[in-house]
Amino acid sequence: MNSLLHKLILLSIVALTFSCSSYKKNIMFKTPENFQPKKITSESINIIQDYIIQKNDLLTVEVFSNNGERLIDPNPELTNSKVQAGEKEKITYLVTANGNAKLPLINEVKVEGLTLRQAEVSVQTEYAKYFKDPYVVMHFANKRAVLLGATGGQVIPLNNQNMRLTEVLALGKGLDNSAQAQNIRVLRNDDVYLINLSTIEGYKEGNILIQPGDIIYVEPIRRPFTEAVRENGSIISIVVSLASLVVIILNVR
């Protein structure tokens with residue numbers, strides 16, 4: 001009977017050992033030991049650039065006459081403007097594979113490769129054929145970054161251009177006690193930035209501007225023993241129950 005008890009204890013130890021050895025399997029974006037991350041340049045930190053319109057972007061377009069007079073109308077009740085512009089449901093327009101957006105009345109307009117301001121001017125020119133002094137306001141509707149790891153899986157909309165890493169992390173509810181602030185990866189196309197936000201110096205060097213399509217991965221703090229116990233809770237419970245039964249039988253005898 002003692003032999004059975006010893007085997008049960010040994011089984012528990014083996015189960016925990018294998019679990020501890022495999023706890024890193026769910027870590028994403030692991031890099032080799034000799035990996036050289038993309039060097040963070042002053043351009044990544046300081047140079048502010050307007051987003052460029054690309055294929056598959058979704059745009060909102062609002063058109064107002066008289067140079068947008070209604071937007072700043074101090075007496076909307078006199079002009080029967082019961083619904084403010086911000087309360088209207090925003091319709092989005094897709095930038096297709098040919099780089100055009102199909103807009104009401106003016107049909108297709110080339111917008112790929114332009115900033116929002118450049119696109120507004122181009123669209124205004126087209127609407128000037130139909131309206132007096134048109135005023136066009138355009139926004140991106142689907143610029144976003146992906147946040148993974150200790151923060152959970154989240155898609156963060158980049159509603160403002162030139163948002164920094166810390167701002168995106170804050171929108172993802174920040175970093176809690178399960179996050180490694182010194183081990184943050186930003187994946188941008190073929191480049192990988194390794195960032196340490198655990199120190200002021202690391203913050204100054206690594207608080208980069210986030211681009212649409214970036215993947216931000218915050219590596220979680222691993223607790224091998226705790227995770228092993230959680231993952232093998234049912235097995236351990238059975239082993240403990242059997243061991244308790246063996247002890248009771250031995251005491252009775």
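The values are calculated or read from the model by the stated rules, or taken from the named source; none is laboratory data. Since the model is a prediction, treat every value here as computed from it, not as a measurement. All Cβ positions, even for glycine, are placed from backbone atoms using ideal geometry, and neighbour counts span all protein chains on display.
Worth pointing out:
- Neighbours by Cβ (under 8 Å, 6+ apart or cross-chain): first from segment 190-213, more than 21 Å from Gln161 (Cβ to Cβ); second in a loop (DSSP other than H, G, I, E, B) and aromatic (Phe, Trp, Tyr): Val192/Phe29; Val192/Phe35
- Members of segment 190-211 that are surrounded by fewer than 18 Cβ atoms within 10 Å (Cβ to Cβ) and touching a Leu at 6+ places or on another chain (Cβ under 7 Å): Tyr203
- Annotation note: Cβ proximity below 8 Å between a residue of segment 27-38 that is assigned by TED's automatic domain parsing to the domain that holds Gly149 and surrounded by 11 or more Cβ atoms within 10 Å (Cβ to Cβ) and a residue that is part of a loop (DSSP other than H, G, I, E, B) and polar (S, T, N, Q) (sequence gap 6+ or interchain) occurs for Pro37/Thr31.
- Residue within segment 199-222 that is at pLDDT below 85, of a type outside the set (Ser, Thr, Tyr) and under 25 Å from the mean Cα position of the chain (by Cα) present: yes
- Leading residue by the ranking (farthest from Phe29 (Cα to Cα)) among those in segment 151-164 that are surrounded by fewer than 20 Cβ atoms within 10 Å (Cβ to Cβ) and in contact (Cβ under 8 Å) with a residue 60 or more places away in the chain: Gln161
- Residue list for segment 119-156, filter: under 24 Å from Val63 (Cβ atoms) and assigned to a strand (DSSP E or B): Tyr135, Val136, Val137, Met138, His139, Phe140
- Reported count of residues in segment 100-139, each being free of Cβ contacts under 8 Å to residues at least 60 places away in the same chain and in contact with a Gly (Cβ under 9 Å, 6 or more places away or on another chain), is 3.
- Members of segment 165-189 found to be of a type outside the set (A, V, I, L, M, F, W, C), surrounded by fewer than 14 Cβ atoms within 10 Å (Cβ to Cβ) and within 16 Å of the chain's Cα centre (by Cα), listed by number: Lys173, Gly174, Asn189
- Qualifying residue in segment 11-21 (condition: modelled with pLDDT under 70 and within 24 Å of Gly153 (Cβ to Cβ)): yes
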